[in-house]
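Asker: This structure is in structure tokens; I'll ask about it shortly.
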Protein chains: 2
Amino acid sequence: MGGWWEMARAQSSRPYHHGELREALVSAGRKLLEERGIRGFTLRECARRASVSHAAPAHHFASIDDLLAEIATRGYQELAAAMEAEAKRAASTPAARLVAQGVGYMAFAAANPVLFQLMFGREANRFETPALKAAAKGAYLLHVAGVEEVIPQAPAEVKQRMVDFAWASIHGFITLVLEGQIGDGDSPRALKARGLAMLGAMVEAVIRAGGDP
Amino acid sequence: MGGWWEMARAQSSRPYHHGELREALVSAGRKLLEERGIRGFTLRECARRASVSHAAPAHHFASIDDLLAEIATRGYQELAAAMEAEAKRAASTPAARLVAQGVGYMAFAAANPVLFQLMFGREANRFETPALKAAAKGAYLLHVAGVEEVIPQAPAEVKQRMVDFAWASIHGFITLVLEGQIGDGDSPRALKARGLAMLGAMVEAVIRAGGDP
DNA sequence: TGGTGTAATTTGTCATTGTCCAGATCTGCG
DNA sequence: CGCAGATCTGGACAATGACAAATTACACCA
């Protein structure tokens, strides 16, 4: 995080040009988002944290929504990476991989709750950029691939429905947990077990729906 | 909606006392929320729509978050009512009732997408009032009851897990639909069918998990 | 009935915000 | 070396949430 320019700024006077302001704003904005929530997110505070004047961000992001869109886009990329990493780690059977993908999904959401809500929230529809859409699609395709591997011989329509089903269960569960509506008093350990149980039920249902009669 | 005072205001000069300002603010706020999104929600605009000065709301809501909390609380009450109404309408079997409850849930979310996100969003954690918590619990108990009826003989732990499962599927599906991540191009009709298919798969999984071996 | 305290509302103010603008400063290229 | 364009600063503007003080309507009690 703390880049070279911070030291430069601490020793001599700060250089007029930041050098990596765009990155710094995204990074500061991400932290700010988690700290203050969506309604507490502020362009000027991002600028302040990047040690830059309040108007500087304008040269890198046309508006506050542009910055949020960029943050959300990277969120999708990280989400996809987390899913893939977890799936690769436990690559025994297709079913286990699908469960693991779900674990990666939930872990990302738990680690970045506000960002997660920004990505999937209604606000995102207001600043939908092509990059954001593409990134979101990338994550979606992982769900499709995961289900495909579990029930390769099922008809396309059943697969489609099972993708809906799998994704909805995973997404819904972690969303409700983050909001405290599920397992409010549970320990993190118990909560993870609860999540795994749900994932197990989901995968079993998928297999049953897609398997031969 | 349009109350008596509107006519009074139109004919003679507006009375100094609004009479039902609290209600008017909640109602205006709700519309505003859907129109402009959470980030576009403004106390002053609510006041404007209630034909009242910008400082008037302060006597009824301590802060903007207080107003949002009230709106969210009523949302939960309506959500529960929608679930119950739909379940009562199709009261043939427990399974059908559980599906119908899910339909009611989704219909409410589809009709009030931003409000729905406010209720279940991360922002709600910042203004958690006792009333809000109670209202949320009321809706939760409907899920519990619905699952209970379908698998009355299952052990408590299985029931608990199936409540998680059922709620997560329903909540996740409609959330993803509202965000356009599922069935973006589908017609409303096709989308509803897709939702019903998912609900069917969910209920079947619940029955199978809770039934005798 | 009439006065008075209280609740509801308004106007004014302040710090903060997003966005725009003009000017200052730097960087890279010729 | 010089200059054009990118990058950053400082100031401005309207809008916002919150607060304080003044104003108005109402309810209740003497």
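Asker: Copy-to-copy spacing for A:R39, label 7 Å out on the Cα-to-C-beta vector, in nm, shortest first?
Answerer: 1.5
Asker: Which of B:A55, B:T93, B:L43 sits closest to the plus end of the dipole of region B:31-181, meaning its Cα is farthest towards the positive end, when Lys and Arg get +1 and Asp and Glu get -1 on the C-beta?
Answerer: The listed residue farthest towards the positive side: B:A55.
Asker: Now for a different question. What average number of partner chain Cβ atoms lie no more than 10 Å from the Cβ of the residues making up A:36-43?
Answerer: Taking all residues of A:36-43 together, the mean is 3.
Asker: On average, how many beta carbons from a partner chain sit within 10 Å of the beta carbon of a residue in A:196-202?
Answerer: Mean shielding by partner chains, rounded to a whole number: 5.
Asker: Averaging sequence separations of C-alpha pairs under 8 Å and six or more residues apart, then dividing by the length of chain A, give the relative contact order as a whole percent.
Answerer: 18
Asker: Let me know the charge dipole size of the protein assembly as shown about its Cα centre in debye, to the nearest 20, where only the beta-carbon of Lys, Arg (+1) and Asp, Glu (-1) is charged.
Answerer: Dipole size: approximately 780 debye.
Asker: Just order A:155-161, A:183-189, A:137-143 by mean Cβ neighbour count inside 10 Å, highest at the front, would you?
Answerer: The densest-packed peptide leads the list: A:137-143, A:155-161, A:183-189.
Asker: Between their Cα atoms, which of A:K137/A:K159; A:K137/B:K137; A:K137/B:K159; B:K31/B:K88; A:K192/B:K192; A:K192/B:K137 are more than 26 Å away from each other?
Answerer: Too far apart for the 26 Å limit: A:K137/B:K137; A:K137/B:K159; B:K31/B:K88; A:K192/B:K192.
Asker: To continue, here is another question. What percent does the relative contact order of region A:48-109 come to when contacts are Cα pairs within less than 8 Å and at least six residues apart?
Answerer: Normalised by residue count, the contact order of region A:48-109 is 27 percent.
Asker: Further question on the same structure: How large is the charge dipole for region B:41-109, taken about the Cα centre, if only the Cβ atoms of Lys, Arg (+1) and Asp, Glu (-1) carry charge, to the nearest 20 debye?
Answerer: That gives region B:41-109 a dipole magnitude of about 220 debye.
Asker: For A:E23, place a label point 7 Å out from Cα along the Cα→Cβ vector, do the same in each other copy, and report the separations in nm, one decimal, smallest first.
Answerer: Those label-point separations list as 5.9 nm.
Asker: Follow-up. Taking the rotation that carries B onto A, look along its axis and tell me which residue of B has the beta carbon nearest to it, distance in whole angstrom.
Answerer: B:G172, 1
Asker: Which whole-Hz couplings ³J(HN,Hα) result when phi for each residue of region A:33-39 is put into the Karplus expression 6.51 cos²θ - 1.76 cosθ + 1.60, θ = phi - 60°, listed in order with x for Gly and Pro?
Answerer: Ordered by residue, 3J(HN,Hα) equals 4, 5, 6, 10, x, 5, 6 Hz.
Asker: Just A:R122, A:R48, A:R97 to compare: in a GNM of chain A, with alpha carbon springs under 10 Å, which one fluctuates most?
Answerer: Highest fluctuation among the options: A:R122.
Asker: Now a separate question. A:A96 to B:A91: FRET efficiency via 1/(1 + (r/R0)^6), r the Cβ-Cβ distance, R0 45 Å, to the nearest 0.05?
Answerer: Working from the Cβ atoms, E equals 0.65.
Asker: At a Förster radius of 30 Å, what calculated FRET efficiency corresponds to the Cβ-Cβ distance of B:E204 and A:A193, to the nearest 0.05?
Answerer: 0.80
Asker: Something else: How large is the charge dipole for chain A, taken about the Cα centre, if only the Cβ atoms of Lys, Arg (+1) and Asp, Glu (-1) carry charge, to the nearest 20 debye?
Answerer: Taking the Cα centre of chain A as origin, the dipole is about 460 debye.
Asker: Between copies, how far apart are the A:R189 label points? List them in nm, one decimal, shortest first, with each point 7 Å from Cα toward Cβ, please?
Answerer: Ordered by distance, the counterparts are at 5.5 nm.
Asker: Then there's this: Just going by the charge dipole of chain A, with Lys and Arg at +1 and Asp and Glu at -1 on Cβ, which of A:T175, A:G121, A:A24 is farthest out on the positive end?
Answerer: Farthest towards the positive pole: A:A24.
Asker: Sticking with this one: Per-residue Cβ counts within 10 Å, from other chains only, averaged over A:114-124: what number is that?
Answerer: 6
Asker: Okay, moving on. Going by alpha carbons, how many degrees (0 to 90, nearest 10) lie between the helix axis of B:156-178 and the longest principal axis of chain B?
Answerer: So the helix axis and the longest Cα principal axis differ by about 50 degrees.
Every number in this text was worked out from the coordinates using simple rules, so none of it is lab data. Values in this document were obtained by computation on a predicted structure and should not be read as measured data. Here the Cβ is made from the backbone with ideal geometry for all residues, glycine too, and neighbour counts use every protein chain on show.
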